[in-house]
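Only the coordinates and a few stated rules stand behind these numbers; no lab work does. Bear in mind that the values here come from a model prediction, so they are computed numbers and not experimental data. FYI the Cβ positions are ideal-geometry reconstructions off the backbone, even for glycines, and counts take in every protein chain you see.
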Amino acid sequence: MNRDNEIKQEINQAVSKGLIPVAFFNSVVKDTKCSKFKSSNLKMNRRYRQTIIPRGYSNLTVSKVYELSQLTSK
Amino acid sequence: MILILTTQAGDYSHIKIIDWLSYLKANFLIITGEGILNGREKLSITNGEIFYNDINLSKEVTCVFYRRWITGSEIRIIDDEELNTNLNRNLVAEMLEIRTFLWNNLKNAIWIPEVGPVSVNKLSNLDLAKSIGFNVPDYMVTNSKDDLNRFFLKNEGKIITKAIGNFQNAQTMDGFLVNSIYTKQVDTTLIKLLPEKFALSFFQKLIEKKHEYRILYFNKKCYSALILSQEQELTKIDSRLQDEDAEARLVPVDISEKLSHTIIQFMEKLNLNTGCLDFLHGLDDKYYFLEVNPVGQIGGYSERCLLNFEKDIVLELIRIDNE
């Protein structure tokens, strides 16, 4: 069984044991390391993609990214 | 000065707001929870005044656009995942205290959305919506299989389940993302799987629909996107679902004056000057209220439907700041 299916089954089991709410049943599981995930998680203008916003541990700030996006848009 | 409060990750709707502020040469400042948490930006609070990089926010700020504040799941402190998660919880709690202080301290500023109702309660809102005249699909919150079976039969086997509030994404240690936000139809097979008593869950009557609406609301005006959710199988139950081949099409639409008027009434009752509302247009030609989110995603809907929502917000922020 693929790892994503394995995780999905574990979550479904937790639902069937009454441990987590029913809305968790058949959750969508995606491999974030997969390049397909990275390219398709947001279908917006490239400039507004979340990937250009720094993560919490980045040295950038939103203000800096905004400056960057200004530069790249020119 | 216009203040934008947002997070480094987990939100992208503020970027276009910042674009417009910059293009219109507004006097603005952006603060993120993460930026001040780790000291990249200087913040001091002393004698009831807030200084950010030596700017006295308590005196300078005239209006605040609030999106989100901090994304705890993105903060990496140490490799031990469990300890990292527990430390994150504390850091987020600390930062939420600061956010509350900003709310309390910058009381003279105009807040969009207003201070307080950001954390709306979905169940209370369903009841409020019904009381002011919206159609609201019947719902039940229960942890009992007997109750669920009765609700299922009452609604002729057509019910859905979703979070009572909002589920956050969860990530496994080996990099898999678990997304549980989507609405699911509940059938007999799923009910049979459940034990007699299960985790408290939300169930609602499934409304057979023509399509959905995402209505962006700001200052008594509705900017509406029609979601053509029924054009394909994937998006029929939850229009947010998408894969490489399919996603729901969006088109701008004008809603009726009656619906718009009731939305204004509803938002005023909630003391919200902005928010995102979700509606269904049923096969019975009735409009059904689903929920409102004061800081819901606006960017994608506004851009794909050319609603220019962000520009109108920015023009109002500038107007307030120039007063």
| said: Please compute the average number of Cβ atoms from other chains found within 10 Å of each residue's Cβ in peptide B:168-177. | reply: 5
| Once both axes come from the Cα atoms, what is the angle between helix B:122-131 and the longest principal axis of chain B, in degrees from 0 to 90, rounded to 10? | 70 degrees
| query | Tally Lys and Arg at +1 and Asp and Glu at -1 over the other residues with C-beta under 12 Å from the C-beta of residue B:51: what net charge comes out? | reply | -2
| query | So who's got an amide H within less than 5 Å of the one on residue B:142, skipping anything under 5 residues away but keeping other chains? H placed 1.01 Å off N, in plane. | reply | B:201, B:203
| request: Tell me the label-point distance for the pair residue B:82, residue B:228, using the 7 Å Cα-to-Cβ offset, in nm and rounded to one decimal. | output: 5.1 nm
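Rounded to the nearest 500, what is chain B's calculated 222 nm mean residue ellipticity when only DSSP H runs of at least 4 contribute -39500 (n - 2.57) each, over all residues? Can you show the working numbers first?
Working: 10 runs with 103 residues, N = 323.
After summing the helix terms and dividing by the residues of chain B, the value is -9500 deg cm²/dmol.
So what is the orientation-averaged projected area of chain B, using the convex hull of its C-alpha atoms, in nm²? Present the calculation step by step, with values, prior to reporting the outcome.
Working: hull surface 76.7 nm².
Orientation-averaged projected area of the Cα hull: 19.2 nm².
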| Residue-wise HN-Hα coupling along region B:191-205, computed from phi with Karplus coefficients 6.51, -1.76, 1.60 (Hz; x: Gly, Pro) | 4, 4, 5, 7, x, 4, 10, 9, 4, 3, 9, 9, 10, 8, 4
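Would you mind putting B:101-107, B:177-183 in packing order, based on average other-beta-carbon counts within 10 Å, highest first? Walk me through the numbers before you get to the answer.
On the way: B:101-107: 16.0, B:177-183: 17.7.
The densest-packed peptide leads the list: B:177-183, B:101-107.
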| note | In degrees, nearest 10, the alpha-carbon axis of helix B:81-105 is tilted away from the dominant principal axis of the alpha carbons of chain B by 70 degrees
| With each pseudo-label sitting 7 Å past Cα toward Cβ, what's the residue B:154-residue B:268 distance in nm, one decimal? | 3.3 nm
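May I ask you to compute the full-extension gain from residue B:49 to residue B:105, defined as 0.36 nm times their residue separation minus their alpha-carbon distance, rounded to one decimal in nm? Walk me through the intermediate numbers first.
Values: separation 56, 0.36 × 56 = 20.16 nm, distance 0.76 nm.
The span from residue B:49 to residue B:105 would gain 19.4 nm if fully extended.
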| remark: Helix B:309-322 sits off the longest principal axis of the Cα atoms of chain B, rounded to the nearest 10 on a 0 to 90 degree scale, by 30 degrees
| field | Reach of residue B:311 by Cα under 17 Å, taken over aspartates and glutamates that are not fewer than 8 positions away in the same chain | value | B:19, B:303, B:321
| Long-range amide H partners of residue B:4 with built H, under 5 Å | B:29, B:30, B:31, B:65
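What whole-number value in cubic angstrom gives the convex hull volume per residue for the C-alpha atoms of the protein assembly as shown?
Numbers: hull volume 63.5 nm³, N = 397.
Cα-based convex hull of the protein assembly as shown, divided per residue, equals 160 Å³.
Over all residues in B:188-199, what is the mean tally of Cβ atoms on other chains that come within 10 Å of each residue's Cβ? Let's see the in-between values first.
Details: counts 0, 0, 6, 1, 1, 8, 6, 5, 1, 1, 8, 10.
So the per-residue partner count for this stretch is 4.
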| remark: Mean per-residue count of partner chain Cβ within 10 Å for A:13-20 equals 5
| Amide H contacts of residue B:111 (H built 1.01 Å from N, under 5 Å, at least 5 apart or other chain) | B:64
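Got the relative contact order for region B:18-59 handy, in percent, Cα pairs under 8 Å and 6 or more residues apart? Walk me through the numbers on the way to the answer.
Working: 27 pairs, mean separation 8.1, N = 42.
Computed value for region B:18-59: 19 percent relative contact order.
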